[in-house]
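The values are calculated or read from the model by the stated rules, or taken from the named source; none is laboratory data. This one's a predicted model, so the numbers in the text were calculated from it and none came from an experiment. We place every Cβ from the backbone using ideal geometry, glycine too, and count neighbours over all the protein chains shown.
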Amino acid sequence: MRVRLKRDAICTLFLLVVLCSLLYFQLEHLVPVGNKELTQKKPSITSKTFSDSRAPWRLMPAEATEPRLQVTPVLRQREVANKRVQTTTLSPLSDSAFNFKGYLLNKDNRNFDLLINQPKKCRRTPGGPFLLIAIKSVVEDFDRREIVRKTWGREGLVNGEQIQRVFLLGTPKNRTVLATWETLIHQESQMYRDILLWDFMDTFFNLTLKEIHFLNWAAEFCHNVKFIFKGDADVFVNVENIIDFLERHDPTEDLFVGDIIYNARPIRVRKSKYYIPETMYGLSIYPAYAGGGGFLLSSHTMRKLSRACKEVELFPIDDVFLGMCLQRINLKPILHEGFKTFGIVKPSAAPHLQTFDPCFYKDLMVVHSLKVAEIWLMWNLLHSPRLSCTQKKQVKKPFQWKKKAQTTM
């Protein structure tokens, strides 16, 4: 009797071991191998060449160059019965959004074709325009270009000075979505004569290419301009204040004015958009540079920067790169309080202060990060004949600095 019970116990134990092995084997096959690799090893970043030979690949983010991983989750029992497998697409893991290996392999490629040119832009005015407005844009942002054309970026006479305008573009990242982009951008160029399009991909880290190509274009096709304002399409510019400021300066002398950033440190956090490894920039502090929302320069400085940027090694952050070029020509940029390229921050100590106020904007030159509707509204408010900024506003509780409470030991 005891022998028979021992045999039954051994058989039962053996069957349990076999059953557990089968279950483990089944789960091992249902969980994708990719999950193990994601927890053990980060995918390496490899450089690829953009398939379109007409638009060479340049400084593409890792998300655009790396193939996406297809991950299959563990199947529930009823899904197994129905033989349905759901897939989820995960973004590739990388140290940052920037393909540093691709950058290093292609960093010396800085000459791209000009697909759409405006060679007569600065010849329309005898002696050259007083101010050239150059706005960074992307192909798909037609609405932003249109609002700039109809508000602060208007061409013609402003306060007696001639203004001209160009938009700076590269080729779009997503060509499948914008299938008709070439036709549309050529028609826009024929209508407005203000589009400059280069044959490099329009990405965040390619803004440095946009910087050097514009300086080269201005030195060749707009050398007779007196001053240049260069900025983003999402800024509000008080052109009247800029002209008033520039009329007190000589275009044949050095001038570089904006929201200048001093003693900025390279960001070493890998997840940051502005991450720069020490192997790429070993110093602890960047040279002084202007916030890219908008800045002013004279024609004399423009020509000097155009030559200097050809000698400075490309850097993936365009604002810092231009600061390196300024350092190359030993020119210190000038800080002006009218440039708010980081937007207007509402003081916490003054809750009644309204930052979106035309009387407040009336004294500024550049304000960054505005929506299309806000640019349109502010422009019309500032140019309204009913605008009056002489009356004192009544507030329920006038702002006063509170005295600090004295503490005793």
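Please verify whether K346 is assigned to a loop (DSSP other than H, G, I, E, B), over 24 Å from D259 (Cα atoms) and either modelled with pLDDT of 85 or more or out of contact with any Lys or Arg (no Cβ under 9 Å at 6 or more places or on another chain) (or both), treating the condition exactly as stated.
No: the conditions fail for K346.
Identify, please: which residue in segment 163-202 is among the aromatic types (F, W, Y) and surrounded by 19 or more Cβ atoms within 10 Å (Cβ to Cβ) and is, among those, farthest from F227 (Cα to Cα)?
My answer is F200.
Can you pull out every residue in segment 243-255 that is under 26 Å from H383 (Cα atoms) and in contact with a strand residue (DSSP E or B) (Cβ under 6 Å, 6 or more places away or on another chain)?
The answer is I243, L246.
Hey, could you check segment 117-174 for residues that are acidic (D, E) and within 21 Å of the chain's Cα centre (by Cα) and say which is farthest from G294 (Cα to Cα)?
E140
Return the residue satisfying two criteria in turn: it lies in segment 94-119 and is charged (D, E, K, R) and under 28 Å from A218 (Cα atoms), and of such residues it is modelled with the lowest pLDDT.
For segment 94-119, the residue satisfying everything is K107.
When only residues in segment 285-310 that are at pLDDT below 95 and either of a type in the set (D, E, K, R) or surrounded by fewer than 20 Cβ atoms within 10 Å (Cβ to Cβ) (or both) count, which is farthest from K210 (Cα to Cα)?
Among those residues, the one meeting the criterion is G291.
Taking segment 311-326 as the search range and keeping residues that are touching a strand residue (DSSP E or B) at 6+ places or on another chain (Cβ under 9 Å), farther than 18 Å from W217 by Cα and not hydrophobic (A, V, I, L, M, F, W, C), which one is modelled with the highest pLDDT?
G323
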